[in-house]
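Colleague: Below you'll find the structure I mean.
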Amino acid sequence: MYRKHQTLGEFIIENQASFKYSSGELSSLINSIRLAAKVVNYEVNKAGLVDIIGSAGDKNIQGEDQQKLDVYANEKFIQTMTNRNIVCGIASEEEDDFIAINSQDENNQNKYVVLIDPLDGSSNIDVNVSVGTIFSIYRRVTPIGTPVTLKDFLQPGHQQVAAGYVVYGTSTMLVYTTGDGVNGFTLNPAIGTFYLSHPNMQFPEDGRIYSVNEGNYIHFPQGVKNYIKYCQMEEGDRPYTSRYIGSLVSDFHRNMIKGGIYIYPKSSLNSNGKLRLLYECNPMAFLAEQANGKASNGFERILDIQPTELHERVPFICGSKNMVEKCEEFIQNANTNP
Ligand code: P6P
């Protein structure tokens, strides 16, 4: 149910009843993410003006230099969700282990856990290219009132109750789903309000944009190489256009609007690819499927993968359904006919 110029706050209230768990807590959680997004957006937008760019001198569990904005965004999202006593646990790309919230309080009736990549694409920050926040929300599976455990976080993606991203681009947008389609809200920075600008977002079934880091081409599996050559061939609606921003949220967002495919495959450099299942691939896969798109690891649906570790990586192919299926065909054929 949409109204022109509807604000995110109005949308949450008016659509809460449609949320199958019909719980005000999820609405409060989305509202807390909205608040944190505005705070981080303010810092991202002024990063070029103050000394907040550049490494914080630490490295995260991925062994990557932590940019100061990474650290700031991580703190803001965790603080906002913790202060409002809405969730029982948080896992973040920037945190080695999950964070239990009020877990010793047997009166803690909070039933949601959140997994987050607070500032994805952060290597783009100091070159003024879009970055994003990605979030994934589950109901806990262990008894309410007991300390949250790793089991609450290692759930397959099809158990997500909500997922979304913030893209800090030419405009700042919050795009999310609670399992009833995907809706995009654009921030009016003058008044700090998100307005419904992209109702019911859908991937076109076909597209002409492929997003992959071709600098790694020689390290890709043969099937991926064959698909990239297919995209480049003069035939039918090809060659396609190559667009790769180096920021998953930005490439995904453009592909969802225009049609396209994003590929981060395994390679001889990364045996499981680079992207993390729990707080990058699962939320983006949930959004993709809710927007008539598709997401797999080349062989199986991302949302069906049973996680075994908090920061595990998976090969990721996501976007317009027909493009993903064509890429899967090349990967699976090369596997059977090497
Ligand atoms: P590469 C950013 O670090 C990220 O996780 C995604 O946002 C992006 O698509 C990818 O990695 C870029 O990785 O190896 O191509 O630089």
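Colleague: Charges at C-beta only: +1 for Lys and Arg, -1 for Asp and Glu. How large is the resulting dipole of region 209-336 about its Cα centre, in Debye rounded to 20?
Modeller: For this selection, approximately 240 debye.
Colleague: Could you work out the Kirkwood radius for region 209-336, taking every pair of different alpha carbons, averaging 1/r and inverting it, reported in Å?
Modeller: 14.4 Å
Colleague: When the C-alpha atoms of the chain are aligned to their principal axes, what extent does each axis show, in angstrom, from largest down?
Modeller: 60, 44, 42
Colleague: In nm, to one decimal, how far is the modelled label at S268 from the one at L35, with both set 7 Å along Cα→Cβ?
Modeller: 5.2 nm
Colleague: Related question: Just to be sure I understand: of the beta bridges DSSP finds with both ends in region 196-338, what percent are antiparallel, rounded to 5?
Modeller: Among the beta bridges of region 196-338, antiparallel pairing accounts for roughly 70 percent.
Colleague: Ordering K258, K68 by how much accessible area each has at a 1.4 Å probe, largest first, what is the list?
Modeller: K258, K68
Colleague: Starting from the 7 Å offset along Cα-to-Cβ, what nm value, one decimal, do you get for the label separation of S123 and K151?
Modeller: Distance between the two pseudo-spin positions: 3.8 nm.
Colleague: Moving on. Given Cα positions, please report Rg to Rh for region 132-239, the hydrodynamic radius being the Kirkwood one.
Modeller: Radius of gyration relative to Kirkwood radius: 1.10.
Colleague: Also, quick follow-up: How big is the antiparallel share of DSSP beta bridges in the chain, given as a percent to the nearest 5?
Modeller: 80 percent
Colleague: Using only alpha carbon pairs under 8 Å that are at least six residues apart, calculate the relative contact order of region 72-206 and give it in whole percent.
Modeller: Worked out over region 72-206, it gives 16 percent.
Colleague: Can you tell me how much longer the chain between R238 and R84 gets when fully stretched, taken as 0.36 nm per residue apart minus their C-alpha distance, in nm with one decimal?
Modeller: Full extension from R238 to R84 adds 50.4 nm.
Colleague: Right, something else. Taking 56 Å as R0, compute the FRET efficiency from the Cβ-Cβ separation of T336 and Q16 and round it to 0.05.
Modeller: With R0 = 56 Å, the Cβ-Cβ based efficiency is 0.70.
Colleague: Can you give the calculated 222 nm mean residue ellipticity of the chain, where each DSSP H run of n ≥ 4 adds -39,500 (n - 2.57) and the sum is split over every residue, rounded to the nearest 500 deg cm²/dmol?
Modeller: Helices in the chain give a 222 nm mean residue ellipticity of -9000 deg cm²/dmol.
Colleague: Long-range amide H contacts for A91: which residues qualify at under 5 Å (H placed 1.01 Å from N, peptide plane, sequence gap of 5 or more or a different chain)?
Modeller: I99, V114, L115, I116
Colleague: Grab region 8-200 and count how many Lys pairs have their alpha-carbon atoms under 28 Å apart, sequence gap of 8 or more, or different chains.
Modeller: Number of lysine pairs found: 18.
Colleague: I need the phi-derived Karplus couplings for region 250-255: 6.51 cos²θ - 1.76 cosθ + 1.60, θ = phi - 60°, integer Hz, Gly and Pro marked x.
Modeller: 5, 5, 4, 4, 5, 5
Colleague: Related question: What is the percent of Cα-Cα separations in region 8-200 that go past 30 Å?
Modeller: 19 percent
Colleague: Then there's this: On a 0 to 90 degree scale, rounded to 10, what angle separates helix 24-46 from the longest Cα axis of the chain?
Modeller: 70 degrees
Colleague: Whole-Hz ³J(HN,Hα) for each residue in region 318-328, computed from phi via Karplus 6.51 cos²θ - 1.76 cosθ + 1.60 with θ = phi - 60°, x for glycine and proline: what do you get?
Modeller: Values, residue by residue: 8, x, 4, 3, 5, 6, 4, 5, 5, 5, 4 Hz.
Colleague: Give the lysines whose C-alpha is closer than 18 Å to that of K225, dropping any in the same chain fewer than 8 places away, or say none.
Modeller: K266, K274, K326
Colleague: Please calculate how many Å² of accessible area the chain carries per residue, with a 1.4 Å probe and no DNA, RNA or ligand atoms counted.
Modeller: Counting only protein heavy atoms, the per-residue value for the chain is 42 Å².
Colleague: Taking every DSSP beta bridge that has both residues in region 77-221, what percent is antiparallel when rounded to the nearest 5?
Modeller: Approximately 85 percent, going by the DSSP bridge assignments.
Colleague: OK, next. Counting only C-alpha contacts under 8 Å and six or more residues apart, can you give the relative contact order of the chain as a whole percent?
Modeller: Over the chain, the number comes to 15 percent.
Colleague: Any chance you could check the Cα centroid distance between region 86-143 and region 253-311 for me, in angstrom?
Modeller: Each part reduced to its Cα centre gives a spacing of 18 Å.
Colleague: Relative contact order of region 209-336: what whole-number percent is it, with Cα pairs under 8 angstrom and at least 6 residues apart?
Modeller: It rounds to 30 percent for region 209-336.
Colleague: Express the carbon and sulfur contribution to the solvent-accessible surface of region 8-200 as a percent, rounded to the nearest whole number, probe 1.4 angstrom.
Modeller: Here it works out to 48 percent.
Colleague: In the chain, which longest range has no GluC sites (Glu not before Pro) that are both DSSP loop (not H, G, I, E or B) and surrounded by at most 15 other Cβ atoms within 10 Å?
Modeller: Between exposed loop sites, the widest span is 107-204.
The values are calculated or read from the model by the stated rules, or taken from the named source; none is laboratory data. Computed from a prediction, not measured in an experiment: that's the story for all the values here. Don't worry about glycine lacking a Cβ; one is built from the backbone with ideal geometry, like all the others, and counts go over all protein chains shown. Calculation scope for accessible area: heavy atoms of the full protein, side chains included, ligands and nucleic acids excluded. Shrake-Rupley method; radii C 1.70, N 1.55, O 1.52, S 1.80 Å.
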